[in-house]
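See structure below.
A short reminder: the numbers here are calculations on the coordinates, not readings from a lab. As the structure is a prediction and not an experimental result, all values here were calculated from the model. Cβ placement follows ideal geometry from the backbone for every residue including glycine, while neighbour counts extend to all protein chains displayed.
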Amino acid sequence: MRYDLTIEGCFVVDPLNHLKEYTSVSVKDGRVAAVGDAGKALQSVSLSGALLMPGIIDVHVHCSDWIGGPLSFGMLAKSGVTTAADMAGPVQVVLRQMKEQGSGINVAVMEALYPGKTVNGTDPSLDEIRGVVGKITREGALGLKLIGGHYPLTPEASAAAIRAANERRCYIAVHSGSARNGSNLKGALDSIEFSEGRPFHLAHINAYCRGMVEKDPKDELKTLLKALIDNPHVISEFHPAPLNGTNGKCVGGVPESHITRNCLRMGGYPETEKGLKTAFIDGYAHCVGEDMNGVNEYVSGEKALSYWRSQEGNAICGFPVNDREIAFLCATAKDPKGEYVIDALSSDGGGIPRNFMIRYGYLLVEWGAWSVDEYVMKTSVIPSRMLGLTNKGHLSVGADADITVFDPVSRKALLTVVGGKVVYAGGVQTGSGGTVLCLPEGRDAAEGMGLGIQVVDIEQSMLYAR
C-alpha cells in the first residue's frame, strides 16, 4: 500500500491500544492505515525524539465574536489541538468564521442561552428553550451552553435548559451561575441541584473555587469534588490558566458580564466602568488583542485601556483570579476507588491566548502528577468520549487520522494532523476551513457553509452512555 503520509522517529503513545514505543504511524484516505509500517508514502515526516499521540481534543474553547474571534482556529492548530468544542456560539457566526479563517480542525459548537438575544429574558419557559434547542441544532450546533456565570437565568430556567437538552438528546454544558447564586461554589452546587439527575457537562471546575464563598479555595474544592463524586451524571473539566476570560462591555456604567463584576470585586475595585478602567491602568485587568504575528496576546496598562476603548468596550478581558494550586489539585484529585474525579483537561482558550494543553498540561507529566498515558487520556481519549467521538482518541487502524506531535522538552506542537491532512507544521498553518461536528439535523446547514461534516452519535457521549 502507498500511504498518503508517514510520520517516523516519534515516541508513540496510545493508551487504548497499550502502545508506548518508538515507531511510525501511516495514514491513508484520512484514516490511520498502519502503526509500525513506514512503507512508501506520498509524504514522509521524520521527527526524532518527538511525542506522537492521538489528536488533542480541547472540550472548552472560545471562537465566537462574543469572546474568542476568528483567530481562534489558527491558534488552536498551532497549539496541537485537532478538535475543539466552542462554548458560546452563535453557531452561525462560528461556522462563517470557520469558513473564512478556519485552520482545518474539527469544531463542535455549544450555543449559549443569552438573555435578550437567544432567549427573550432571564426567565424563559421550557417551551421557549425547547424551541431554541431545536433551532440551534438545525443550524449545526452540537448542543447548548448555559453561561449563567456571565448572564444568569432564573433557577427555574436553568433547570429547564438542562431538561430541554436532555429531551432533545444534544450536548449540554454549564458555566454555573443563576439569579440565585453566581459563578462560585454555591452556583456550581446549584447546577447539580437544577439538573435533577440529568447529565450535563460542568465547565472549568477551578473557576468556582476562588474563595468567594469560603475563605480557603481548597475547602471549596473539597466540597465540589465530593459533589462530583456523589453525582456521577456530571462530567467535568478544569484548566490551568492563571488569567480568566470575560467580556469588557459596559452598559449604563456597569460591566454587562457578572464575571467581570466578580473579578473587579476580588481585586478591590468598584464594579463599575470606572473601576474597570482603573484596573486596566493598574495592570490588574488585561485586554486581548491581535499582535503583529496574527495571534491574540494579552496587554495591560494604558495599552489595554486604549484597545478596550477602540473596541467600544466589546473586548476580551482577563484577570488574575485563578488559583494555580487549585488547578493542580483538580488534576490530581481522586475518589475513594482511586479514579480521577475530574474527567478532562481543557484550556478555555481558543482566541483567548491560553491554549496550554501541551505547554502547561504536559508539565503534570514532568512533575510526576500524571503518567504520559494519563496525560493522553485526559487530553484526547476521555475528551473524545465526552463528545461521543468514538473514532477519535486512539490510533487503531481505521480510526480518524487526527494526530498531535510535540516536543516534550519545549512543550510545543510540531505537527498537527486532522483527517490525515497536515494543518500545522514547523510554525506554519497549512490548513483552512474545517469540519463541523453536528447532529443529524444540522448536516444541511453545515454543508451549506461549504465545510466538512461529521455527524455525531450523541448517544455515544459520556453524557448519555456513561
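Here are the numbers:
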quantity: C-alpha center-to-center spacing [segment 155-233, segment 364-402] in angstrom; calculated: 25
quantity: Low-density loop positions, chymotrypsin sites (Phe, Trp or Tyr not before Pro), segment 362-455 - DSSP coil, at most 12 other Cβ in 10 Å; calculated: Trp367
quantity: Calculated [θ] (222 nm, deg cm²/dmol) that DSSP helices of n ≥ 4 give over the chain, each run adding -39,500 (n - 2.57); calculated: -8000 deg cm²/dmol
quantity: Potential lengthening between Ser44 and Glu302 on full extension [0.36 nm per residue; Cα-Cα distance subtracted]; calculated: 88.0 nm
quantity: Whole-Hz couplings from phi, Karplus 6.51/-1.76/1.60, listed for segment 186-192; x for Gly and Pro; calculated: 4, x, 5, 5, 4, 4, 5
quantity: ³J(HN,Hα) computed for each position of segment 113-119 - Karplus, 6.51 cos²θ - 1.76 cosθ + 1.60, integer Hz, glycine/proline x; calculated: 7, 10, x, x, 10, 8, 10
quantity: Local electrostatic count, His204, Cβ distance below 13 Å [Lys/Arg +1, Asp/Glu -1]; calculated: -2
quantity: Radius of gyration and maximum dimension Dmax of segment 1-66, Cα, Å; calculated: 14.3, 47
quantity: Using a Förster distance of 22 Å, the FRET efficiency for Asp65-Thr272 (Cβ separation, nearest 0.05); calculated: 0.30
quantity: Pairs from Lys28/Lys392; Lys145/Lys334; Lys186/Lys337; Lys277/Lys303; Lys226/Lys378; Lys145/Lys218 whose Cα-Cα separation, in the structure shown, is over 18 Å; calculated: Lys145/Lys334; Lys186/Lys337; Lys226/Lys378; Lys145/Lys218
quantity: Cα extents of segment 338-466 along the three principal axes, largest first (Å); calculated: 47, 39, 33
quantity: For Gly289, residues with placed amide H under 5 Å, excluding near neighbours; calculated: Glu297, Val299
quantity: Proximal charge balance of Pro15 [Cβ under 10 Å; K/R count +1, D/E count -1]; calculated: -2
quantity: Proximal charge balance of Glu271 [Cβ under 12 Å; K/R count +1, D/E count -1]; calculated: +1
quantity: Largest-first ellipsoid semi-axes for the chain, taking √(5λ) over the Cα gyration tensor eigenvalues, angstrom; calculated: 34, 24, 23
quantity: Proxy reagent accessibility, fewest Cβ within 10 Å first, across Glu325, Glu139; calculated: Glu325, Glu139
quantity: Computed FRET value (nearest 0.05) for Asn231 with Glu441, which takes r as the C-beta separation and R₀ as 30 Å; calculated: 0.50
quantity: At 1.002 mPa s and 20 °C, Stokes diffusion of segment 31-165 via Kirkwood alpha-carbon radius, µm² per second; calculated: 127
quantity: Helix 126-138 vs. the chain, principal-axis angle (Cα, 0 to 90°, nearest 10); calculated: 30
quantity: Segment 1-77: trypsin sites (Lys or Arg not before Pro) falling in loop per DSSP and having at most 13 other Cβ within 10 Å; calculated: Arg2, Lys40
